[in-house]
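Read-outs: derived from the displayed coordinates by stated rules, not from any lab. This structure is a prediction, so every number in the text was calculated from the model and none was measured. Cβ coordinates were reconstructed from backbone atoms using ideal geometry, including for glycine residues, and neighbour counts include every protein chain displayed.
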Amino acid sequence: MDIKNAKVGFLGFGNMASAICDGLLLKKAVGPANIYACARDQNKLQANCKSRGINAASADELIRASDIVVIGVLPQQVEGVVKEYAAALRDKPIFSIAAGIGYARYVSYLGEGWHHISTIPNTPVAVGEGIIVAEDTHSLTAEQLELFEGVFGQIAKIEYFSPELLSLGGTGAGCSPAFVDVFMEALADGLVKHGMTRAKAYSIIPQMMIGTATYFMKSGQHPGALKDAVCTPGGTTIAGISALEEKGFRHSVIYAIDKVMAKKKTL
Ligand SMILES: NC(=O)c1ccc[n+]([C@@H]2O[C@H](COP(=O)([O-])OP(=O)(O)OC[C@H]3O[C@@H](n4cnc5c(N)ncnc54)[C@H](OP(=O)(O)O)[C@@H]3O)[C@@H](O)[C@H]2O)c1
C-alpha cells in the first residue's frame, strides 16, 4: 500500500472531519489533491474545500476516488448514509469517527462483509497532536489497517480499546481537552489576579503543560514522584498542593469523569 499517495475521502465534512483534514495537510501526510470531501450544503462545502485546496465531490465520486473513506456525519446520520452508499462502500476501508457507533452497530446497519473500524478522535488532530481511540474489534484487512495507521498515525497516537472500553477511551481523549482548557484558563486567572498580563500567562502555561507532559512520558516516573520532587518541605509548592486538596481538586476531576460517563449512558 502506497501510504504517501493514499487518497482520503471525508463523507461529511463538519468540525471533526475538517480538523482531521487540517492535521493531514499540516503534517503533509496527504496532499490536498488527494483529499476529497462531501457534505449537504454545497456553498459551505465549496468554501471549506477551496480554502484548503482539496476536492469537493459528490458522495459517489468521493467513494470511487478514495482509498479510505472517513464517515464524518453525526452519529444519528450514520445509518442512513452507510445504507445509502452500502454498495459503493463494499470494498473500501471505512474509518468511522461517529461517537457511540461501534463495530456491532455497523454490522447491524450493513451486515457482514464490509470493512470498517470505529474510532473517536480528539480535536488536537488538527495540529497533528491528536489521539484516535479505536475499537480493537474491526473488520479491516491487514493491508487496510496498515493504511489507516500509516496515514492517520501521522496526526494522532492511535490507541485500541475493547468495545466495552471504547466510550471511556473517548472520554479520556475527547472530553479531557475541555477540562485541560478550563485548568489553563484558571491558572491564567490566578496569575492575572497577582499582576501578570493575560498574554504572558497564556505564553507560559501551554509550554509548562507540554513540558510537564513530555517529562512525565520520557522520565517514566509516577506523576506523584514528579510532584514530590518540586515540593520542598515547608515550601511554596506544597502550600499550593494543600490548597488544591482542600478544595477537592482530585475529586472534582474524578467526579467530572463520573458525570460524563453517566451522561453517555443516557444517550
Ligand atoms: N466535534 C468533536 O469534537 C468530535 C469528537 C469526536 C467525534 N466526533 C464525531 O464526529 C462526527 C461529526 O461531528 P461534527 O462535530 O464534525 O459534526 P458537524 O460539524 O455537524 O458535521 C457533520 C457533517 O456531516 C455532513 N452530512 C450530514 N448528512 C450528510 C449526508 N447525507 N451526506 C453527506 N454529508 C452529510 C454535514 O453536512 P452539512 O453541514 O452540509 O449538513 C456536515 O459536514 C460525529 O459523528 C461525532 O460524534 C466529533
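Both the radius of gyration and Dmax for the chain are 21.3, 69 Å, in that order, over alpha-carbon atoms.
As a proxy for reagent exposure, Ile3, Ile63, Ile120 were ordered by neighbouring Cβ count within 10 angstrom, fewest first; the result is Ile3, Ile63, Ile120.
Considering only His115, Gly100, Val78, the residue lying farthest towards the positive end of the dipole of region 38-197 is Val78, judged by Cα position with unit charges set on Cβ.
Where the alpha-carbon atoms of region 93-165 are placed on the principal axes, they occupy 36, 25, 17 Å, in descending order. Once both labels are positioned 7 Å from their Cα atoms along Cα-to-Cβ, the gap between Met209 and Leu226 label points is 1.4 nm. Dipole magnitude for the chain: about 700 debye, using +1 per Lys or Arg Cβ and -1 per Asp or Glu Cβ, origin at the Cα centre.
When Rg and the Kirkwood radius Rh are both evaluated on Cα atoms of region 3-161, their ratio Rg/Rh stands at 0.92. When both region 60-92 and region 6-54 are represented by their alpha-carbon centers, they are found 15 Å apart.
Measuring against 26 Å, Cα to Cα, the residue pairs Lys27/Lys50; Lys7/Lys157; Lys157/Lys200 contain Lys157/Lys200 as the ones spanning a longer distance. When only the Cβ of Lys, Arg, Asp and Glu is charged (+1, +1, -1, -1), the dipole of region 170-266 relative to its Cα centre reaches about 260 debye.
For region 103-251, the square roots a ≥ b ≥ c of the C-alpha gyration tensor eigenvalues yield an a/c of 1.5 or more together with a/b exceeding b/c, which makes the shape prolate.
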